[in-house]
Amino acid sequence: MPEGDDIRRDAARIGPLLLGRPLLAAASRWPALVTGLVGAQVLGVEAVGKHLLLTVDDGTTIRVHRGMTGTWRWTPAGQPVRIGMGMTSLRLEVAEGTLVARHAPTVERFRTRERSVRPALARLGPDVLGEGFEPAEAAERARASVQPTAAEVLLDQRVACGVGNVWRCELLFLAALDPFRAPAEVPAETWTELWTDARTRLAERVATGGERNTTGRDDVPTWVYGRAGRPCLRCGTPIRTIELGRDLPRRLYWCPTCQRGAG
Ligand SMILES: [Zn+2]
């Protein structure tokens, strides 16, 4: 599942392909979405948490959320675009080629001046990869969160945005934090360290690319994520898993021995 670091990498890749180039064609399985885009130009490509925003010079912005399934595909001009319209969330053609968002569940287009009040964006907390991100502030919001557990706080994009499930599980393990601890019971310093670590690790992945790797090992790239029943790499205890979250349940992985404390 794409997380904030993936979307940053998308933005870095897509910007040079589209910026300042007139759109020769635009299509979507939701045709109303692309009305009037031909002849317009994309002025900005920006990642905000797990959202990618394309600012268009006609005063509109397109928001794409890849969800669990969405991918971006670039096809150079002269080659056939082999993606059926049923899978095409957004297709933008410029002279040099065609960019398709394939199987992305969420695409919307709105007036750019309404950006700050669009529900999906207005609710977002600061982006962990954003310039003004303050780990200590995020720690305060985490402690004041309505979420019942620390594990759920990390996926609550209102507290801070960009962390998804893989990072959530790994960051909790690296902080030795009990995922079921009530957010307010976790010391502010622990939250601050965790958000600092999140920012550092996600930024590193944006810079280096490749697969996510928190262990530094080639054979096992994650400490706990995806390792249910396997021995913990630190203590040997079998890694546990559970579906957690009321609104949007996600599979949590943790080591019950290493993660007994509040950090
Ligand atoms: Zn362990």
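Coordinate-derived values only; no laboratory data. Predicted model, so just to flag it, every value in this text is computed and none were measured. So basically every Cβ, Gly included, is an ideal-geometry build from the backbone, and we count neighbours across all protein chains shown.
Neighbours of Leu37 by Cβ distance under 13 Å: Lys/Arg scored +1, Asp/Glu scored -1, total 0. Taking the DSSP beta bridges with both ends in the chain, the antiparallel portion is around 95 percent. Semi-axis lengths, largest first, of the ellipsoid equivalent to the chain are 37, 20, 15 Å, with √(5λ) applied to each eigenvalue of the Cα gyration tensor.
The charge dipole of region 135-254, taken about its Cα centre with unit charges on the Cβ of Lys, Arg, Asp and Glu (plus for the first two, minus for the last two), comes to roughly 300 debye.
Highest mean packing comes first when the peptides 235-248, 115-128, 45-58 are listed by Cβ atoms within 10 Å, giving 45-58, 115-128, 235-248.
Once the Cβ-Cβ distance of Ala182 and Leu248 is raised to the sixth power relative to R0 = 22 Å, the FRET efficiency obtained is 0.65. Available extension along the chain between Arg82 and Ala32 is 15.8 nm, counting 0.36 nm per residue and deducting the alpha carbon span.
Relative protection proxy for 249-261, 153-165, from highest mean packing down: 153-165, 249-261 (other beta-carbon atoms within 10 angstrom).
Placing pseudo-labels 7 Å out from each Cα toward the beta carbon at Ala12 and Glu96 gives an inter-label distance of 1.7 nm. In a fully extended conformation the segment linking Arg115 and Thr257 would gain 46.7 nm over its present Cα-Cα distance, using 0.36 nm per residue. Think of the chain as having a plus end and a minus end, set by charges on the Cβ of Lys, Arg, Asp and Glu; of Ala175, Leu17, Ala198, Leu17 sits farthest toward the positive end of this dipole. Distance between the pseudo-spin-label points of Glu189 and Ala228 (7 Å out from Cα toward the beta carbon): 3.6 nm. Spin-label model, Arg123/Thr71: points 7 Å from Cα along the beta carbon direction are separated by 2.9 nm. Per-residue ellipticity at 222 nm, computed for the chain from helices alone with -39500 (n - 2.57) per DSSP H run of at least four residues, works out to -7500 deg cm²/dmol.
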